[in-house]
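Data first, discussion second: the structure below is written as structure tokens.
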Amino acid sequence: MNAPSAVIRVEKLQKTYVLGFFRKKVRAVEDVSLHVERGEIFGLLGPNGAGKTTTIKCLFGLVRPTSGKAELLGMPASDIRGKRRVGYLPEAPYFYDYLTAREFLVFIGELCDLSRKKAHARAAELLERVDLKDAADMAMRRYSKGMLQRVGVAQALIHDPEVVVLDEPLSGLDPLGRKQLRELISELRAEGKTVMISSHILSDVELLADRVAILVRGRTAATGRLDALLDTRVMSTEVVFSAAEDKLEVLRGALDGLGLASEQHGETFALSFDGDDKTDAVVDVLRAHDAHVISVTPRKESLEDVVVRRAQAPSDTDDAAKDEAKAKDEPKDEAKAKDEAKDEPKDEPS
């Protein structure tokens, strides 16, 4: 039988927490549906509190969903057979900081049923891959946040999983570290692995992801390929130029005629306008007045623009009123929620 193309599938997922003495209901996930295809890099995006981490926890069986379905590799999230084939970096990983990175990775490898010899070999390979070879035998209490993040990525890969889920993997990394991790994630895709990333560093996700899902207020607000979600039109254009001082007054008058004003930044000037309709006219005016055009930069919609726009869009319904109506219409959910609260005393909405 052919392997399913969707290695991660979430359908109509909901998670409601019951908190405090008065049993207040807080819905962390309202209605999330998404699928991740085999061999792709998938971005799970959204503002804080959108439900990204809770969705991931439901995928790994760390949190039991109130309703809906979550599957890994065609199996329910509760099935350990699927979990064995998945690597996971949580948003806030915990490390035994008295261990060295090598000792920690060997320990994790043995937990994943690797032989001690294989765990040592795999740890050495990954420490070099995440650029921690020189610090491999240093106690992790001496590591920076970025170094710990690299160890976290390495432990997610120790058992050579088919699917890798990384929750905020770029957090704490400097620009070089982010570049190295982007390259590593691209290499994983080239090896045929599937990677799902949840991150607030949207510029990096835009460079990496084949498809994304945007969560807003616990719902899937948008999902699809980047080229389908991003508006390809030029939103604005910036022109940077320099000009002789004795020609500035005349040049500014000519630009005024186009309805534009320039701002001086040291020895250069910059002006911007909506769209790109005026680009040719601006360049012609600059050249006619012997100005030197340094750059013409059209700006298109970025992934950050899309996420911000979706996050700021008004909600279709008032969430508080909706929850109140559900509580009245479905009293039997109260007992179910109380049972969940007993089973999951440490759960917090995220």
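What follows draws every value from the coordinates through simple rules; no lab data is involved. No experiment lies behind these values; they were computed from the predicted model shown. As a convention, Cβ positions derive from the backbone with ideal geometry for all residues, glycine included, and neighbour counts pool all protein chains shown.
The tail of the calculated P(r) for the chain beyond 38 Å holds 35 percent of all Cα-Cα pairs. Per residue, the average separation of C-alpha pairs within less than 8 Å and at least 6 apart gives the stretch 132-233 a relative contact order of 20 percent.
Between the beta carbons of A261 and S302, assuming R0 = 30 Å, the FRET efficiency works out to 0.70 to the nearest 0.05. Note on the chain: helix-only mean residue ellipticity at 222 nm, from DSSP H runs of 4+ residues weighted -39500 (n - 2.57) and normalised by residue number, equals -11000 deg cm²/dmol.
Sequentially through the stretch 212-225, phi angles give Karplus couplings (6.51, -1.76, 1.60; θ = phi - 60°) of 9, 10, 10, 9, 9, 6, x, 10, 7, 7, 6, 8, x, 6 Hz, Gly and Pro residues having no value and appearing as x.
Residue by residue, the stretch 28-40 carries 3J(HN,Hα) couplings of 7, 10, 9, 6, 10, 9, 6, 9, 10, 7, 4, x, 10 Hz when phi is fed to the Karplus relation 6.51 cos²θ - 1.76 cosθ + 1.60 (θ = phi - 60°); x denotes Gly or Pro. So if we plug the beta-carbon distance of T268 and R309 into 1/(1 + (r/R0)^6) with R0 = 35 Å, what FRET efficiency do we get, rounded to 0.05? Step by step, r from the Cβ atoms, then E = 0.65. With the biggest extent put first, the Cα atoms of the stretch 165-276 measure 61, 32, 27 Å across the principal axes.
Between 0 and 90 degrees, rounded to the nearest ten: what's the tilt of helix 332-343 against the longest Cα principal axis of the chain? Once rounded, one gets 80 degrees. Full extension of the segment from L62 to R189, taken as 0.36 nm per residue of separation minus the current Cα-Cα distance, would add 43.1 nm. Measuring nothing but how far apart in sequence close Cα pairs (under 8 Å, 6+ apart) lie, relative to its length, the chain scores a relative contact order of 21 percent. Mind scanning K133/K193; K83/K300; K24/K52; K83/K145 and naming the pairs with a C-alpha gap bigger than 32 Å? Long pairs (Cα-Cα over 32 Å): K83/K300. Once the C-beta distance of S295 and D131 is scaled by a Förster radius of 30 Å, the resulting FRET efficiency is 0.30 to the nearest 0.05. Stretching the chain fully between D227 and R116 yields a gain of 35.4 nm (0.36 nm per residue, less the alpha carbon separation). Using a simple spin-label model with pseudo-atoms 7 Å out from Cα toward Cβ, R38 and V250 lie 7.0 nm apart. Spin-label pair R142-S78: with each label point 7 Å from Cα along the Cα-Cβ axis, the two points sit 4.7 nm from one another.
Pairs of Cα atoms in the stretch 64-154 fall into 10 Å distance bins, from 0 up to the last occupied one, in shares of 16, 40, 27, 14, 2 percent. Near R9, once Lys and Arg are set to +1 and Asp and Glu to -1 for all other residues with Cβ below 14 Å from its Cβ, the sum equals -1. The distance from the alpha carbon centre of the stretch 73-144 to that of the stretch 32-55 is 23 Å, rounded to a whole number. Residues whose amide H lies under 5 Å from that of A221, counting only those 5 or more places away or on a different chain, are I214, L215, V216; hydrogens are built 1.01 Å from N in the peptide plane.
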